[in-house]
1. Using the structure shown, decide if Ile56 is among the hydrophobic types (A, V, I, L, M, F, W, C), within 16 Å of the ligand (Cβ to nearest atom), touching a residue at least 12 places away in the same chain (Cβ under 8 Å) and over 26 Å from Val25 (Cα atoms).
2. Condition first: part of a loop (DSSP other than H, G, I, E, B) and open to solvent by less than 60 Å² (accessible area, probe 1.4 Å). Now tell me which residues in the range 285-309 satisfy that.
3. Which of the residues spanning the range 57-88 are among the hydrophobic types (A, V, I, L, M, F, W, C) and either open to solvent by 30 Å² or more (accessible area, probe 1.4 Å) or not in a helix (DSSP H, G or I) (or both)?
4. Here are Glu198, Glu212: which of them is acidic (Asp, Glu) and within 14 Å of the ligand (Cβ to nearest atom)?
5. Only one of Lys175, Lys147 is more than 21 Å from Tyr224 (Cβ to Cβ), assigned to a helix (DSSP H, G or I) and either at pLDDT below 95 or open to solvent by 20 Å² or more (accessible area, probe 1.4 Å) (or both). Can you tell me which?
6. How about the range 236-248: which of its residues are out of contact with any helix residue (DSSP H, G or I) (no Cβ under 7 Å at 6 or more places or on another chain) and in contact (Cβ under 8 Å) with a residue 12 or more places away in the chain?
7. Of the numbered conditions (1) open to solvent by 10 Å² or more (accessible area, probe 1.4 Å); (2) within 30 Å of Ile237 (Cβ to Cβ), Ala46 satisfies every one except a single condition; which is it?
8. Only one residue in Glu219, Glu198 is modelled with pLDDT of 95 or more and in a loop (DSSP other than H, G, I, E, B). Which one?
Amino acid sequence: MSEDKDLSYGEAIQEASNSIIRFPVIPVKGVPLMNLIANNFDAVSAFCPDSSDLLIATYPKAGTTWTQEIVDLLLHNGDAEACRRAPTPIRSPFLEICSPPPIPSGLDLLKKQAPPRIIKTHLPFQLVPTGFWEKKCKAIYIARNAKDNMVSYYYFDQMNLTQPEPGPWEGYIHKFMRGELSWGSWYDHVKGYWEEREKKNILYLFYEDMKENPKREVERIMRYLDLSLSDDVIRKIVELTTFKSMKENPMANYTFIPKIVFDQSISNFMRKGEVGDWKNHFTPEQSAEFDEDYEKKMKHANIPFRTEL
Ligand code: A3P
């Protein structure tokens with residue numbers, strides 16, 4: 001896996017500071033995406049991966065960064081130093097992201113790297129460039145239960161000053177239920193990949209399973225990647241990817257993104273890392289309304305989500 005050691009990512013953001021705003025979203029085939037992404041979407045769709053590239057796909061805030069770190073460590077035999085060579089979005093570029101210049105886009109970063117690459121996306125299945133499936137790339141999807149996912153997104157939308165204003169919690173729940181947040185409907189997202197997982201050989205993981213038994217899930221990813229690492233290395237990877245370790249890791253905790261974009265005084269990127277935090281946010285009435293709507297939308301999906309451990 002080759003790449004430039006790009007220490008100027010934060011500097012590029014600083015340079016673009018006058019152009020940083022809470023960007024509005026524009027629908028792409030019905031999916032609301034940040035306007036800069038929407039306006040560049042033809043280039044994203046045309047992206048042609050190498051068959052050795054790996055896709056990590058998630059709805060925002062489902063455990064993307066955690067999985068990116070696990071995969072990078074697996075591919076580097078648990079070598080912590082090697083995985084501190086650069087911040088997460090340099091080591092594992094964000095396919096569709098497009099920011100004001102001189103901040104490099106996801107496609108710019110990918111062009112500079114030789115395959116095999118670890119490519120992150122939040123695109124729903126139907127918007128993923130078809131090249132990934134034509135080339136039979138491996139793909140890992142991580143899903144997180146809707147309520148915790150939404151709570152995490154609510155805090156993220158406060159601290160990420162390029163995302164639309166989240167507004168008050170009560171209204172945010174309804175925006176989530178209507179699929180109006182950036183990257184669209186959580187319900188369609190988790191179902192889209194679930195329905196395709198067998199045909200496309202997608203490894204479908206759950207955040208809750210990773211919390212419950214990280215070793216088991218790290219081993220699952222290892223096998224999917226056709227790797228065979230010793231028990232000691234696996235244990236080390238589990239240790240290096242605990243919430244605490246990653247919160248302290250400057251190459252994984254997003255402190256490398258300047259405050260004009262990620263204002264971690266509002267909320268940390270590594271915020272809580274728990275299953276069941278939704279109980280601290282939903283009133284009983286909100287929870288009942290959410291559950292009733294959830295039943296309708298997820299009735300036939302049969303995806304084994306857990307909202308507590
Ligand atoms: P919380 O806001 O609930 O704390 P993403 O990387 O997709 O943006 O997801 C971010 C969420 O994953 C945040 O959730 C973050 O704290 C959590 N997270 C990141 N690393 C983690 C880890 N090693 N263990 C558990 N949760 C982690």
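The values are calculated or read from the model by the stated rules, or taken from the named source; none is laboratory data. Fair warning: this is a prediction, and the values are worked out from it, not measured in the lab. Positions of Cβ are backbone-derived with ideal geometry, glycine not excepted, and every protein chain shown enters the neighbour counts. With ligands, DNA and RNA removed, areas are computed over all heavy atoms of the protein, side chains included. Shrake-Rupley method; radii C 1.70, N 1.55, O 1.52, S 1.80 Å.
1. Details: among the hydrophobic types (A, V, I, L, M, F, W, C): yes; within 16 Å of the ligand (Cβ to nearest atom): yes; touching a residue at least 12 places away in the same chain (Cβ under 8 Å): yes; over 26 Å from Val25 (Cα atoms): no.
It is false that Ile56 is among the hydrophobic types (A, V, I, L, M, F, W, C), within 16 Å of the ligand (Cβ to nearest atom), touching a residue at least 12 places away in the same chain (Cβ under 8 Å) and over 26 Å from Val25 (Cα atoms).
2. Here is the first cut: in the range 285-309, the residues part of a loop (DSSP other than H, G, I, E, B) are 299-309.
Once the filter is applied, which keeps residues that are part of a loop (DSSP other than H, G, I, E, B) and open to solvent by less than 60 Å² (accessible area, probe 1.4 Å), the range 285-309 yields Ala301, Ile303, Phe305, Thr307.
3. As a first pass, look at the range 57-88 and keep what is among the hydrophobic types (A, V, I, L, M, F, W, C): 57, 62, 66, 70-71, 73-75, 80, 82-83, 86.
Of everything in the range 57-88, those that are among the hydrophobic types (A, V, I, L, M, F, W, C) and either open to solvent by 30 Å² or more (accessible area, probe 1.4 Å) or not in a helix (DSSP H, G or I) (or both) turn out to be Ala57, Ala62, Trp66, Leu75, Ala80, Ala86.
4. Numbers: Glu198 fails: within 14 Å of the ligand (Cβ to nearest atom).
The conditions single out Glu212.
5. On the way: Lys147 fails: either at pLDDT below 95 or open to solvent by 20 Å² or more (accessible area, probe 1.4 Å) (or both).
The conditions single out Lys175.
6. Kept after step one, since they are out of contact with any helix residue (DSSP H, G or I) (no Cβ under 7 Å at 6 or more places or on another chain), are these residues of the range 236-248: 236, 242-244, 247-248.
Scanning the range 236-248 gives Lys236, Thr242, Phe243, Lys247.
7. Result: Ala46 passes all but (2).
8. Details: Glu219 fails: in a loop (DSSP other than H, G, I, E, B).
Selected residue: Glu198, the only one of Glu219, Glu198 that is modelled with pLDDT of 95 or more and in a loop (DSSP other than H, G, I, E, B).
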